[in-house]
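S.K.: What follows is a structure written as structure tokens; I'll ask about it next.
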Amino acid sequence: MSAPSAIEDAKALDLEAALTHFAEAHGVRSKGALCLPLVVTDHARVMGLPLDPNRLRTDKEGQVLGLGKGKVQQILARHGIDRVLAEEGGRTSRGSLGKMSAYVAFLNARSAEGAFDLDAVEKFWIARVREFFAAKPFVLRIDPTLSLRSAFRHLFAQAEARQKEMQGTMVVGTIMQHLVGAKLEGVFGATIGHHSASTKDEGQARPGDFNIGDLAIHVSTAPGEALIRKCQANLASGQRPVIVTTARGVTVAAGLAENAGIAERLDVFDVEQWLAAEILDRAGDSIVGRNQAVVQLLDRYNAIIGKVETDPSLRIEVAAAGRGG
């Protein structure tokens, strides 16, 4: 290897190490967080370095300039990626302005040390995007020595752990909503409407996360007074509200419903128990039957994820006890 080539390789490794440190220090792991350095690096390419962070704030100083789905997808397309990274392009990620200022400072500091390759910087973030899309899915372990409810509890524990690692995301709520949707689809067929977990209910046109006949089904990890008000609105319009939530959420929702005077008109279910009961109802008389029912549930769930979400790491695989997954 020639001396100049060795020097260039050392510089590239040093830059990659510095970018890796920045990503870890500032939590650039989630889909929204990854959008920001892509857009800011593109600004650096156009505006040149050093960058003025004040020029990268919108007029109302509430968002990062150009941080949206269109710009992010344009950058990804340069690298042959047509999958959607984030519908909002990272616009709703918490602390975007602070991360932008920190990343601008990083780029400016590197630039002050001498010329460096912005193409290499962009390729680093593109590699992180590819890793994100290829992320390992969640695993639901089927263990005949444990209850089905325990299997779902362990699954949600994985989701809670990932949610803590990727602050600002709603991993648990997303998985819960689409598992509920998968169960309902298995019972009522393909007429069930599925929406991204980031899509909010919109008035009485969509009175719940799922609407089946006169049922308005709400899925929530943390039911509060606003949800109880929606249930009251459901009742006022002749609908039957149902809340599917966590074990802790059941107690909270029941108390709020009691205070609102609708406790006897509102059904509240623990999602783990609700999903387990469905498996037992459909195929509870044999291990093989139960396992097949779980696989069918997750097949429907994964199909929903592929249709309405942009993060393939939300997929769930089945693993038998004693095997890797």
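The values are calculated or read from the model by the stated rules, or taken from the named source; none is laboratory data. Remember, it's a predicted structure, so these values are computed and weren't measured experimentally. As a convention, Cβ positions derive from the backbone with ideal geometry for all residues, glycine included, and neighbour counts pool all protein chains shown.
S.K.: Can you name the condition, by its number, that Gly249 falls short on among (1) assigned to a helix (DSSP H, G or I); (2) farther than 30 Å from Arg29 by Cα; (3) not acidic (Asp, Glu)?
M.R.: (2)
S.K.: Among the residues of region 273-298, what is the count of those that are surrounded by fewer than 16 Cβ atoms within 10 Å (Cβ to Cβ) and free of Cβ contacts under 8 Å to residues at least 60 places away in the same chain?
M.R.: 8
S.K.: Which numbered condition trips up Asp270, out of (1) free of Cβ contacts under 8 Å to residues at least 12 places away in the same chain; (2) in contact with a helix residue (DSSP H, G or I) (Cβ under 7 Å, 6 or more places away or on another chain)?
M.R.: (1)
S.K.: Oh, and also: For Ala120, only one of the following conditions fails: (1) in contact with a helix residue (DSSP H, G or I) (Cβ under 7 Å, 6 or more places away or on another chain); (2) part of a helix (DSSP H, G or I); (3) surrounded by 18 or more Cβ atoms within 10 Å (Cβ to Cβ). What is its number?
M.R.: (3)
S.K.: Quick check on my filter: what residues within region 252-280 are under 23 Å from Leu297 (Cβ atoms), in a helix (DSSP H, G or I) and charged (D, E, K, R)?
M.R.: Glu272, Glu278
S.K.: Please find, among Glu264, Glu185, the residue that is in contact with a helix residue (DSSP H, G or I) (Cβ under 9 Å, 6 or more places away or on another chain) and within 24 Å of Val139 (Cβ to Cβ).
M.R.: Just a single option satisfies the conditions, and that option is Glu185.
S.K.: Moving on. Taking Ala12 as the residue in question, decide whether it is modelled with pLDDT under 90 and outside the structural domain of Ser196 (by TED's automatic domain parsing).
M.R.: So Ala12 passes the test.
S.K.: Looking only at region 34-86, count every residue that is part of a helix (DSSP H, G or I) and either surrounded by fewer than 16 Cβ atoms within 10 Å (Cβ to Cβ) or hydroxyl-bearing (Ser, Thr, Tyr) (or both) and tell me the total.
M.R.: Counting residues in region 34-86 that are part of a helix (DSSP H, G or I) and either surrounded by fewer than 16 Cβ atoms within 10 Å (Cβ to Cβ) or hydroxyl-bearing (Ser, Thr, Tyr) (or both) gives 9.
S.K.: Within region 248-258, is even one residue outside the structural domain of Asp82 (by TED's automatic domain parsing), within 26 Å of His194 (Cα to Cα) and surrounded by fewer than 14 Cβ atoms within 10 Å (Cβ to Cβ)?
M.R.: Yes; the residues of region 248-258 include at least one that is outside the structural domain of Asp82 (by TED's automatic domain parsing), within 26 Å of His194 (Cα to Cα) and surrounded by fewer than 14 Cβ atoms within 10 Å (Cβ to Cβ).
S.K.: Next up: How about region 15-33: which of its residues are assigned to a loop (DSSP other than H, G, I, E, B) and closer than 15 Å to Ser101 by Cα?
M.R.: Of everything in region 15-33, those that are assigned to a loop (DSSP other than H, G, I, E, B) and closer than 15 Å to Ser101 by Cα turn out to be His26, Gly27, Val28.
S.K.: Restricting to region 304-323, and then to whatever is assigned to a helix (DSSP H, G or I) and in contact (Cβ under 8 Å) with a residue 24 or more places away in the chain, can you tell me which residue is surrounded by the most Cβ atoms within 10 Å (Cβ to Cβ)?
M.R.: Checking each candidate, the answer is Ile305.
S.K.: State whether the residues of region 288-311 include one that is under 17 Å from Val172 (Cβ atoms), assigned by TED's automatic domain parsing to the domain that holds Met176, charged (D, E, K, R) and in contact with a Ser or Thr (Cβ under 7 Å, 6 or more places away or on another chain).
M.R.: Yes - at least one qualifying residue is present in region 288-311.
S.K.: If Thr191 satisfies every condition in (1) at pLDDT below 95; (2) surrounded by 13 or more Cβ atoms within 10 Å (Cβ to Cβ) but one, which is the exception?
M.R.: (2)
S.K.: Within the set of pairs 6+ apart or on separate chains, which have a first residue in region 127-148 that is closer than 30 Å to Asp285 by Cβ and of a type in the set (Ser, Thr, Tyr), a second that is exposed (fewer than 14 other Cβ atoms within 10 Å of the Cβ) and modelled with pLDDT under 90, and C-beta atoms under 9 Å apart?
M.R.: Thr145/Ala321
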